[in-house]
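See below for the structure under consideration.
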């Protein structure tokens, strides 16, 4: 049996930085990272469409699930500290207008390589192709798979999202064996399914900036941004940010919510009426399928007219009455799409839910159930929206766990 002072289970974002921070703080420690896949950092390679959206400079203001719990780690290892950390690895970063931070190379491989080289420089053992199936504690010692022994262990194996990249939910079972409770798990940041009869004719069409409201008997959640129509429903950042709320509603209420799309959030209803009336003068001779081409893709304009039962292939814009123009304006501001579910964990970027936060010390990431056991990253019931927010949580919680404080 091989002995270590500390072992990190999970060789991706939170686990790698936990090991690095621990070794930097306690240079005499013998540390290992155990990863089930053939190489470390696979899920990291897929983030930010392969560019790796490392963090977001506005992360401290972001409305995370579990924000109160996460605030200590996030403030201790803020976005600025994360950027400094990567600079210490020789990685130069830049931020865009939305605060998203990327490596200057625009390749996630640069991030993984920087972390990999630091593990090597610090003489941290990386043990790949090794699924962890059993962790036991005897006295002050942990044993892993009966092959490795350590005094402290950090569980950073991710959640259930994107199982092909290593997150298969196995970490939850390990946590349960140490007395931890797992909150309801649902896929987050994943496309929405529903109303294909509405969305399929618009398949492949993107709309740049819409406001979305997820509604049941009342408004459940809101978001704004780009959407992409698909043959099964909705994708795009704005739609994906509603996924966890939609699935939780379906699971608890057993009814389908609606995503109400406001295609022109920057214009009021009356301003749209004025705009449509002016179109009568500009292109009243055109057929109705060209009514909204001044600010929306043609397929979307047709769908809006169909939703108001106004569409006719030969109908002219100047034939529309004021009542009909008002109905079109209403559909522009409130276009309902029934949501029946999501594309599931296989297609999700993040897991919403996880180890209950009141069972973990927020200032150390140590389990309140088992001394010497720490958690980091997605396995904990903390998650955020698109834009580098979830990776920021991974870095913050990993670095804090790596302090190995009691």
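The values are calculated or read from the model by the stated rules, or taken from the named source; none is laboratory data. All figures in this text were calculated on a predicted structure; none of them were measured in a lab. Reconstructed Cβ throughout: ideal geometry from the backbone, glycine too, with neighbour counts over all protein chains shown.
Numerical summary
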quantity: Residue list for segment 210-260, filter: surrounded by 21 or more Cβ atoms within 10 Å (Cβ to Cβ), out of contact with any strand residue (DSSP E or B) (no Cβ under 7 Å at 6 or more places or on another chain) and closer than 12 Å to residue 194 by Cα; calculated: 229, 230
quantity: Residue check, residue 156 within 24 Å of the chain's Cα centre (by Cα) and crowded, with 22+ Cβ neighbours inside 10 Å; calculated: yes
quantity: Wholly within segment 274-353, helices (runs of 4 or more DSSP H) carrying at least 1 residues that are more than 32 Å from the chain's Cα centre (by Cα) and buried (at least 16 other Cβ atoms within 10 Å of the Cβ); calculated: 298-307, 322-333
quantity: Sole exception among (1) crowded, with 18+ Cβ neighbours inside 10 Å; (2) not in a helix (DSSP H, G or I) for residue 364, by number; calculated: (1)
quantity: Residue 27 assigned to a helix (DSSP H, G or I), over 26 Å from residue 92 (Cβ atoms), out of contact with any helix residue (DSSP H, G or I) (no Cβ under 7 Å at 6 or more places or on another chain) and modelled with pLDDT of 95 or more; calculated: no
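Conditions (1) out of contact with any strand residue (DSSP E or B) (no Cβ under 8 Å at 6 or more places or on another chain); (2) buried (at least 22 other Cβ atoms within 10 Å of the Cβ); (3) modelled with pLDDT under 95; (4) over 29 Å from residue 123 (Cα atoms), marked per residue:
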{"site": "33", "(1), (2), (3), (4)": "no, yes, no, no"}
{"site": "37", "(1), (2), (3), (4)": "yes, no, no, no"}
{"site": "45", "(1), (2), (3), (4)": "yes, no, yes, no"}
{"site": "49", "(1), (2), (3), (4)": "yes, no, yes, yes"}
{"site": "56", "(1), (2), (3), (4)": "no, yes, no, yes"}
{"site": "61", "(1), (2), (3), (4)": "yes, no, no, yes"}
{"site": "66", "(1), (2), (3), (4)": "no, no, no, yes"}
{"site": "69", "(1), (2), (3), (4)": "no, no, no, yes"}
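To keep it simple, each residue is scored yes or no on (1) in contact with a strand residue (DSSP E or B) (Cβ under 8 Å, 6 or more places away or on another chain); (2) crowded, with 18+ Cβ neighbours inside 10 Å; (3) over 14 Å from residue 353 (Cβ atoms).
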site	(1), (2), (3)
171	yes, yes, no
177	yes, no, yes
186	yes, yes, no
193	yes, yes, yes
